[in-house]
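Here the structure comes first, spelled out in structure tokens, and everything after it is commentary.
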Amino acid sequence: MSSRSKMITCLLASALAVTGSPVVASPASAAEPSQVDLHLEAATKDALGAQELVDTYRKYSCFEVEDPAVRDEYRAGKGVRVPLTQVFDDLWYIGDEYVGQYILKTANGGFALLDTLNNSSEVMTYTLPALKSLGMGPQHPLEGAFLSHGHEDHDGGAAQLRAVFGPDLPIYLGSADATGKTYAPKLIDSANPQPQTVTIGGSTIVAQSVPGHTPGSLVALIPVHQNGARQLMLLNGRAGIPDTVEGSRQYLEGTERAYRLAQEHGATGTIHTHPLSDGSTGHMNAIRDAGTRDPNPFVMGTEKTLRAAAIWRECAAARAAQVDPAATIPVWRTTATEILDARPFTTRLSARVSSGWGTSAGQSVTFDVNGAGGCTAVTDESGIAWCESAVPLLPKQTLSATFDGNRTAEYMNLPSVGSDRVPAPRGDAG
């Protein structure tokens, strides 16, 4: 890990420490927005103007706080079958509009399941026909299953899988959800706060324990490919939030762990087995309607994926503040770092740092040219930082600017990176 990545990780870890121990405060005065309102506002502003993030991540994660009727929209998808849909070169969805599973083609050429649907019947009517249509057989076997948590709509088919494929099929589950499970899951340590790896058929899944929704809940990074290029999808970053103080705080910490996991590994999008949760339903409809996955709507890039994860966190913070009105929870603010001028043969490097709260003054920005270093500057009142490079920019070089973030007692500005490719001089066709 680079020194800059370590710095960012430390900043995020310090935020976890803050939210892990709520600060008891006096109730807000009538003139001040409540903690709940502050976090709901942040959940909108953290989209940085991307309406599709507001319409999906925010709507379907904050509803428990501001509009419980949205739950009916989830439930309306029960029994509305979604045909087997290819979402990446090596990933398919099967199930209904309420809950489903993903089928991953592994590095070894076999298959792995992400969740196992509701019950034995769905395994026989959804899972097995889908696997067979994709070529499952002696040369391409089912090699395992990964369960996001132990609720029946996610692991209800596991016992039938065991009956069909036998005791050697690995079925992974968070250890804190294993009590009473008859399908003998392989356990992922729920007490371990660090990411853990699971390998199925040569494909490595990075799992992160996130107690809250259930004691053994997991989020995970799933390696997939789009036109042969590797992408990393964050699986099931959102879930139902408990209505107790302890449960809501655990869930909040879990969203922060998920953000940190996505940041450290460079996740480029999300998938969800409740596909309404993150826009997966709309993405699949778009793929089927267009008859193509190019461009793939699931691929958002790391910066936008982190905005989505921050929205999940702010919805969780709003819920925790609603359950415990005496708690003060710092707001997470996503930022954008934008390269302003990447002209060839200039030595002046400049970038602007901003957020949904405006520009960020007095913040350090580090520039880098083609991974070989550059210079460091501090933003002025308009959020712009600039400095002089020791050597001029050359055409086709990559210029990046990194804001490492900062925090106060009330909020944390999250890190961001901007980059641009130095263009060729005008008239140069090369």
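The values are calculated or read from the model by the stated rules, or taken from the named source; none is laboratory data. Not measured: the values here are computed from a predicted model. We place every Cβ from the backbone using ideal geometry, glycine too, and count neighbours over all the protein chains shown. These area figures cover heavy atoms from the full protein model, side chains too; ligands, DNA and RNA do not enter into them. Shrake-Rupley method; radii C 1.70, N 1.55, O 1.52, S 1.80 Å.
Roughly how many Å is it from the Cα centre of the range 52-90 to that of the range 331-362, as a whole number? After rounding, the separation between the Cα centres reads 34 Å.
What's the local net charge at ALA130, with K and R +1, D and E -1, over the other residues with C-beta under 15 Å away? With Lys, Arg at +1 and Asp, Glu at -1, the net is -1.
Quick check on the range 199-300: what does the Kirkwood estimate of hydrodynamic radius come out to from the alpha carbon pairs, in Å?
Numbers: mean 1/r = 0.0684 Å⁻¹.
Hydrodynamic radius (Kirkwood, Cα only) of the range 199-300 equals 14.6 Å.
By its C-alpha gyration tensor, with a ≥ b ≥ c as the square roots of the eigenvalues, how is the range 59-190 shaped: rounded for a/c under 1.5, else prolate for a/b larger than b/c, else oblate? Taking the square roots of the gyration eigenvalues as a ≥ b ≥ c, the range 59-190 is oblate. Rounded to two decimals, the Cα radius of gyration of the chain over 2.2 N^0.38 Å is 1.03. Taking only protein heavy atoms and a 1.4 Å probe, the accessible area of the chain is 51% carbon and sulfur. Backbone amide hydrogens, once placed in the peptide plane, bring ASP341 within less than 5 Å of SER350, excluding anything fewer than 5 places away on its chain. Taking a ≥ b ≥ c as the square roots of the Cα gyration tensor eigenvalues, the range 36-76 comes out oblate, since a/c reaches at least 1.5 and a/b does not exceed b/c. Solvent-accessible surface of the range 204-362, taken per residue with a 1.4 Å probe and all protein chains present: 31 Å². Connecting C-alpha atoms closer than 10 Å in a GNM of the chain, tell me which of GLU256, GLU32, GLU314 has the biggest fluctuation. Among GLU256, GLU32, GLU314, the largest GNM mean-square fluctuation belongs to GLU32. Taking a spot 7 Å from the Cα of ALA372 along the direction of its beta carbon, which residues of the range 381-403 have an amide N less than 16 Å from it? Once the point is set 7 Å along Cα→Cβ of ALA372, 389-400 turn out to lie under 16 Å by backbone N, inside the range 381-403. Straight-line cross-link reach from LYS45 at under 28 Å between alpha-carbon atoms covers these lysines, not counting any fewer than eight positions away in the same chain: LYS6, LYS59, LYS304. Both numbers refer to the Cα atoms of the range 146-270; Rg and Dmax are 14.7, 45 Å. Counting every C-alpha pair in the range 291-430, the share spaced more than 21 angstrom apart comes to 53%. Derived from the Cα gyration tensor, the three semi-axes of the equivalent ellipsoid of the range 262-309 are 21, 13, 7 Å, largest first. Bridging of LYS105 to lysines at a Cα separation below 17 Å is possible for LYS132, once same-chain residues fewer than 8 apart are set aside. Dividing the alpha-carbon radius of gyration of the range 332-375 by the rule-of-thumb value 2.2 N^0.38 Å gives 1.30.
Note on the chain: GNM, Cα springs under 10 Å; of PRO167, PRO275, PRO215, the largest mean-square fluctuation is that of PRO167.
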